[in-house]
Every structure is written in C-alpha cells, then in structure tokens.
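Reading through the structure tokens given below for one structure.
The values are calculated or read from the model by the stated rules, or taken from the named source; none is laboratory data. Please read all numbers here as calculations on a predicted model, not as lab measurements. Here Cβ is always computed from backbone atoms with ideal geometry, including for glycine, and neighbour counts include all displayed protein chains. Protein only, heavy atoms only, side chains kept; ligands, DNA and RNA dropped before computing areas. Shrake-Rupley method; radii C 1.70, N 1.55, O 1.52, S 1.80 Å.
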Amino acid sequence: MIYKLHSVCRACGNSELVPVLSLGSQPLANAFTPEPIQHTLFPLEVLYCDRCTLGQLSVVVDANELYPSSYKYVQSHSETMVQHFDALAGDILMAGGRGPVLEIGSNDGSFLTHLRTLGFVDVVGMDPAASGIEPSVKEQFNVNSAIALEQESGFRNLIIGRHVFAHIDDWDEFIKAINHIAFPDALIVIEVPYAPDMLANNLWSLIYSEHLSYVTERSVRAVLKGSGFAIQRVIHYSVHGGSVVFLIKRGEDTKQFSHEEDQLQKWKQFSVDCHANQVGLKMLLMKLRLEGKSICGYGAPAKATVICNAIQLSTRHLDFVTDTTPCKVGCTIPGTDIPIVEPDKLLEKQPDYALLLAWNYPEILDNESVYRARGGKFIMPHSLKVL
Ligand code: DWN
C-alpha cells in the first residue's frame, strides 16, 4: 500500500484528532520529472491533537514512494545554511557535544563535513539517499540498522537529526533505535520546523507529504515521556521559516509547564489566513498578467510544488521557474506544465516579476541586485509584498 490513513496521535496516542486544515490533493512535492506526467495525488489534510498540540497529516505516504531513487532534494549550501551550520555546531559544542557522531538523514553529508572542520573525527551518516564524501550507511534509521551500526562502528556520543524527525511516522521506533546506539551520556540533537512559527507567519507551503508532523515542544515532551530521555534545552533558529533544536539527554522531564499555548485556535485562524493568502496570490498574479506583465518563479523547492498546485498555477501565470539544482533543471514543477530552467534565464529574460518560491533564503534579494536594478521585482508568496 503506497499510503495509509493516520488517525491516532503519534506523540501521545490520542485518538480524538481534530481536522484543522486541508490543501486539497497534491502530487508529491519533490516528484520532479523531465516531462509532465499524471502524478498520483495525495490529500494534504492536517489533524490536530488537543492533548499534546501536535499537528499531523491524515495520510502517511510510504517512505519508498516519498523517497525513490530519483528523489531530487539536495542540501542547500546557500549563505543562510552555512550561517545556520555555524550557529548549530557552536550550540552543540557549547552543550558539550563530542564524538563519535551519527547524523540521521545526513543527505550529502555537508553538516558532518562541517563538524569535521571543527575537530570531530569519528563521524558517520545514515540516509537511504546518502551521498557525499562522509562515511554513511544507505539505510533508513531503525532499531535493526542502529544495532548493526553499533556492532560495526560502536556507540555514539552525539546523535543528530536535522529536519528528519518531522518526516518519520513511527517515533517510538526512532527513540528505541537511538537508545540502542547512544552512549549513556549521549547528546541527541533534533532540529525540526517549529509549528508555532509556521502558524504565526502563514507559511502554509511548508505543508506537504514529507512533513508528517508539525512539531511543538509539548508534543516532543509527550513522545519522550517514559522513554528515559528528556529535553534539556530548546534553541530557536530562523531557518526554513522558523525551526527549533531540541537538545535531549537521558534523564527525567523535570519541567512542570510549557510556555506554549494550545494551538487549536491558531490552527483555525491559520486555515482562514492560508486560504485568504491563496486567493490574494492568485488574484495578484492574474492582475499582473492581465496588465501584460511577465512573471517567473524563483527557486523550485518542495514549497514551490505546494504553492503552484494549491492555486493551480501553470505557464499561464509563470513562464518558467529558475533553480540552481542541476537535476531539477529540465524538469517541470510537479503537477504543472511550468518548466524549471537554469538560474541565468532570470537576467536573460528579465521578467517584470519573480515569485520568490524559495522564500526561506533572504540573501536571494541581495544576490539578484542586477535583476532588481533593471526594474525586476520579487513577489513574496505568503506576505504578498512586492520588493
Ligand atoms: O524538510 C525539508 C527542508 C529542510 O528542505 C525537506 N523536506 C526538503 C527541503 O525543503 P526544500 O525543497 O524547500 O529545500 P530548500 O533547500 O529550501 O530548496 C531551495 C530550492 O531553491 C532548491 O531547489 C535550490 C533553489 N535555490 C535557487 O534556485 N537559488 C536556492 C537558493 C538559495 C538560490 O539562490
């Protein structure tokens, strides 16, 4: 079965989940193909747990369907991510993080390489789509692969999961696997998009089939309850629209209350704001097109697929989308006929407007100073600001 229905909270077991948002049915956000194909569409509906505040998709697509061998996400090496790597590595060192290191979901190993420049020696990644120069195991992280890694390479003192925890369905298996590979005093570093930031800034394009969970501190504390692990510290970052890192160690949760409020009303308002933003964005693009303006998209992240499919964009609205990822160039935005082209097409074609689909990289506005000096303007999809 390529998907299953999800109705019980993966953090606390609550079976009374509340539907709070639907983005309709969409193609998989990273299913970039050279030619437009008939994609399988999956519902994007968020359920809310009013016991632990976790947001979670009502449909869980099988990992082999989400991450096939043709999967095209590559870790960004932009200025924003380099700065984030520096900040995160510094916080890990301040928290006493030391090797041996395991990164779960290591992608191209770039964060492990960054840690190596800081003196970490024994590093290994685990990712079914692992690439790059760092030692890695091309497998999903689970109890069996954790035990095999421990037998092969020994226990780990630092276990990192950046933007992987929210992609995992079985959190109990994930925590059990960590328990098998972690030294008694190991530091666990889990980075996720922070749901309250997404809600506060109307960042609905972060909702897609890879992101099974929309995480809060309360939901992480709920899933850790009784596991022998507890959050020691929560660090807030701005990447990816707002993220948090949970620094976790073995021990009991001594925190009585969380600063986080219930999120139900925020989700309900988010649903209203999300649909208002979709109408506003579509109207703006149509108005500009009726005025004879040329418009392209800038960046083909997963978020681009969500936006284009949520408001049915096509080449009637965007002539093309530029992207720096070679394996995406020549493809189309999944579910649309919009071609993805090389970055230099922006200056070559000099469209009047560029819809900033890679909205989580503010440096783009400065990097494209020539385009803007010639009169080109960026449209921010979620605020509708024109810059
Ligand atoms: O959780 C996830 C987040 C962390 O990263 C994953 N599910 C997938 C991924 O999300 P994404 O696809 O939104 O990743 P990026 O790195 O935000 O995508 C940026 C896209 O924009 C890339 O395809 C590269 C492109 N880009 C560009 O064309 N010009 C990026 C920059 C900075 C640029 O200047």
Exercise for the section: Those residues that are over 13 Å from residue 304 (Cβ atoms) and touching a strand residue (DSSP E or B) at 6+ places or on another chain (Cβ under 9 Å), I need them from region 321-340; list them, please. Expected result: 329, 330
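Go over the candidates 87, 129 one by one and state the one that is closer than 25 Å to residue 217 by Cβ and of a type in the set (Gly, Ala, Ser). First the steps, then the outcome.
Working: 129 fails: closer than 25 Å to residue 217 by Cβ.
Just a single option satisfies the conditions, and that option is 87.
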Completion exercise
In region 295-328, residues that are under 18 Å from residue 277 (Cα atoms), within 10 Å of the ligand (Cβ to nearest atom) and over 18 Å from the mean Cα position of the chain (by Cα) total 1
Completion exercise
Residue hits (region 70-89; closer than 29 Å to residue 152 by Cα, modelled with pLDDT of 95 or more and either surrounded by fewer than 16 Cβ atoms within 10 Å (Cβ to Cβ) or among the aromatic types (Phe, Trp, Tyr) (or both)) are 85
Completion exercise
Every listed condition ((1) surrounded by fewer than 17 Cβ atoms within 10 Å (Cβ to Cβ); (2) within 16 Å of the ligand (Cβ to nearest atom)) holds for residue 38 save (2)
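Looking only at region 174-202, how many residues end up being outside any helix (DSSP H, G or I) and under 23 Å from residue 123 (Cα atoms)? It would help to see each step written out before you state the result.
So in region 174-202, the residues outside any helix (DSSP H, G or I) come out as 182-194, 201-202.
Still in the list and also under 23 Å from residue 123 (Cα atoms): 182-192.
Result for region 174-202: 11.
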Fill in the blank from the handout: Result of the Cβ filter at 8 Å on region 251-264, keeping first residues that are outside any loop (DSSP other than H, G, I, E, B) and partners that are surrounded by 12 or more Cβ atoms within 10 Å (Cβ to Cβ), at least 6 apart or interchain, is 264/18; 264/20; 264/48; 264/50
Problem - Filter result (more than 10 Å from the ligand (Cβ to nearest atom), in contact (Cβ under 8 Å) with a residue 60 or more places away in the chain and in contact with a Ser or Thr (Cβ under 9 Å, 6 or more places away or on another chain)) within region 334-372 - result: 334, 335, 336, 337, 352, 353
Practice task
Just one of (1) without any contact (Cβ under 8 Å) to a residue 60 or more places away in the chain; (2) over 17 Å from the mean Cα position of the chain (by Cα) trips up residue 197, so point out which.
Solution key: (2)
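Is region 71-84 home to any residue that is touching a strand residue (DSSP E or B) at 6+ places or on another chain (Cβ under 7 Å), farther than 23 Å from residue 181 by Cβ, in contact (Cβ under 8 Å) with a residue 60 or more places away in the chain and away from the ligand (no atom under 13 Å from the Cβ)? Break it down stepwise before answering.
As a first pass, look at region 71-84 and keep what is touching a strand residue (DSSP E or B) at 6+ places or on another chain (Cβ under 7 Å): 84.
Cutting the leftovers down to farther than 23 Å from residue 181 by Cβ gives us 84.
If we keep only those that are in contact (Cβ under 8 Å) with a residue 60 or more places away in the chain as well, we get 84.
The next check asks that each one be away from the ligand (no atom under 13 Å from the Cβ); those that pass are none.
No, because not a single residue in region 71-84 is touching a strand residue (DSSP E or B) at 6+ places or on another chain (Cβ under 7 Å), farther than 23 Å from residue 181 by Cβ, in contact (Cβ under 8 Å) with a residue 60 or more places away in the chain and away from the ligand (no atom under 13 Å from the Cβ).
Could you identify the single residue in 130, 146 that is crowded, with 17+ Cβ neighbours inside 10 Å, among the small types (Gly, Ala, Ser), out of contact with any Pro (no Cβ under 7 Å at 6 or more places or on another chain) and in a helix (DSSP H, G or I)?
Details: 130 fails: in a helix (DSSP H, G or I).
After applying the criteria, what remains is 146.
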Problem - Criterion (modelled with pLDDT of 95 or more and more than 27 Å from residue 66 (Cβ to Cβ)) met by exactly one of 303, 255, 282 - result: 282
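Could you list, in sequence order, the residues of region 157-173 that are of a type outside the set (D, E, K, R), within 16 Å of the ligand (Cβ to nearest atom) and either open to solvent by 10 Å² or more (accessible area, probe 1.4 Å) or in a helix (DSSP H, G or I) (or both)? Even if it seems obvious, please write down each step before you answer.
First, the residues of region 157-173 that are of a type outside the set (D, E, K, R): 157-161, 163-168, 171.
Among the residues that remain, those that are also within 16 Å of the ligand (Cβ to nearest atom) are: 160-161, 163-168.
Hits for region 157-173 are 163, 164, 165, 166, 167, 168.
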Exercise for the section: Confirm whether residue 103 is surrounded by fewer than 21 Cβ atoms within 10 Å (Cβ to Cβ) and either closer than 30 Å to residue 365 by Cα or within 21 Å of the chain's Cα centre (by Cα) (or both). Expected result: no
Practice task
Please tell me if residue 213 is within 19 Å of residue 47 (Cβ to Cβ), in contact with a strand residue (DSSP E or B) (Cβ under 7 Å, 6 or more places away or on another chain), open to solvent by less than 50 Å² (accessible area, probe 1.4 Å) and not hydrophobic (A, V, I, L, M, F, W, C).
Solution key: yes
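Could you identify the single residue in 235, 231, 188 that is aliphatic (A, V, I, L, M) and crowded, with 23+ Cβ neighbours inside 10 Å? Full working, then the answer.
Working: 235 fails: crowded, with 23+ Cβ neighbours inside 10 Å; 231 fails: crowded, with 23+ Cβ neighbours inside 10 Å.
None of the others qualify; the one that does is 188.
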